[in-house]
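None of the figures in this text is laboratory data; all of them are computed from the coordinates on show. In this text the structure is predicted, and so the values were computed from the model without any measurement. Ideal geometry is used to build each Cβ from the backbone, glycine not excepted, and the neighbour counts take in all protein chains shown.
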Amino acid sequence: MMCRYCKKDARPAHFQIPPERMLYVYFCDACRAETVSFADDGNYFSHSLYTVINDRMYRWTTFKGTIAGVLSHIGKPGIPGERPNGSVTNLLELKIYPNITPENVQEKIRFMLLFL
Ligand SMILES: [Zn+2]
């Protein structure tokens, strides 16, 4: 699957979640972008961008079929393809989709954090 942002091939970083379910994850290291799917058929479930602000990792996720985006704090960052994220806390949900890209994700999340 291709990275939504740079259009290059994102590397497969799949792992299994209990019970016995595969989560198809594609990670682009250059963009720190993640695509998650429940099937290996090109359909996606969500897109996420990661960034670190003041030593804290944040994730911005948008979901298929909705314009809502969710800002989360990742307390225990995982390793793509090896270990899922832990201690994920959703901080903010937006109904309007701000155009967030790998280039501006840090600036946009810094702005959102001002309202929390
Ligand atoms: Zn990319």
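Through the Karplus equation 6.51 cos²θ - 1.76 cosθ + 1.60, θ set to phi - 60°, convert the phi angles of region 79-94 into ³J(HN,Hα) values in whole Hz; use x for Gly and Pro.
Per-residue couplings from phi come out as 10, x, x, 10, 9, x, 5, x, 6, 8, 10, 7, 9, 7, 10, 10 Hz.
List, in order, the whole-Hz ³J(HN,Hα) value for each residue of region 18-26 obtained from phi through the Karplus relation with A = 6.51, B = -1.76, C = 1.60 and θ = phi - 60°; use x for Gly and Pro.
Karplus values, whole Hz, x for Gly and Pro: x, x, 6, 10, 8, 10, 8, 10, 10.
Using amide H atoms built 1.01 Å from N in the peptide plane, name the residues 5+ places from Gly78, or on other chains, whose amide H lies under 5 Å from its own.
Under 5 Å from the amide H of Gly78 lie the amide H atoms of Asn85, Gly86, each far enough along the sequence or on another chain.
Given contacts defined as C-alpha pairs under 8 Å and at least six residues apart, what's the relative contact order of region 11-113, whole-number percent? If you can, show how the numbers build up before the last one.
On the way: 203 pairs, mean separation 20.0, N = 103.
In percent, rounded to a whole number, it is 19.
Would you mind counting up the charge near Cys6? Only other residues with Cβ under 14 Å from its Cβ, with Lys and Arg at +1 and Asp and Glu at -1.
Values: positive: Arg4, Lys7, Lys8, Arg11, Arg32; negative: Asp9, Asp29, Glu34, Glu103.
So the surrounding residues net to +1.
Taking amide H positions as placed 1.01 Å from N in the peptide plane, with prolines and chain starts having none, which residues 5 or more places from His14, or on another chain, fall under 5 Å of its amide H?
Here the answer is Val25, since their amide H atoms fall under 5 Å of that of His14.
Lysines within cross-link reach of Lys64: Cα-Cα under 17 Å, excluding same-chain residues under 8 positions apart?
Qualifying lysines at Cα under 17 Å: Lys95.
Near the amide H of Met2, under 5 Å away, which other amide H atoms are found, from residues 5 or more places off or on another chain, if H is placed in the peptide plane?
Placed amide hydrogens put Ala10 under 5 Å from Met2.
Sort 84-95, 33-44 by the packing proxy (mean of other Cβ within 10 Å over each peptide's residues), most packed first. Write out the running numbers ahead of the final one.
Numbers: 84-95: 12.7, 33-44: 15.2.
Per-residue mean Cβ counts within 10 Å order the peptides as 33-44, 84-95.
Please provide three numbers in whole Å: the alpha-carbon extents of region 70-116 along the principal axes, with the largest listed first.
Per principal axis, max minus min of the Cα coordinates gives 31, 22, 18 Å.
Just how far, in whole angstrom, is region 72-101 from region 5-30 if you go by their alpha carbon centroids?
15
Report the full-extension gain for the segment Asp40 to Ile17: residue separation times 0.36 nm, less the Cα-Cα distance, to one decimal in nm.
Details: separation 23, 0.36 × 23 = 8.28 nm, distance 1.49 nm.
Here the segment from Asp40 to Ile17 would lengthen by 6.8 nm.
Give me the compactness ratio for the chain, meaning the Cα radius of gyration over 2.2 N^0.38 Å.
Working: Rg = 13.7 Å, N = 116, 2.2 N^0.38 = 13.4 Å.
Output field value: 1.02.
Expressed in nm to one decimal, what extension gain is obtained for the pair Ile53 and Leu116 from 0.36 nm per residue of sequence separation less their Cα-Cα distance? Could you put the intermediate results ahead of the total?
Working: separation 63, 0.36 × 63 = 22.68 nm, distance 1.46 nm.
Additional length available on full extension: 21.2 nm.
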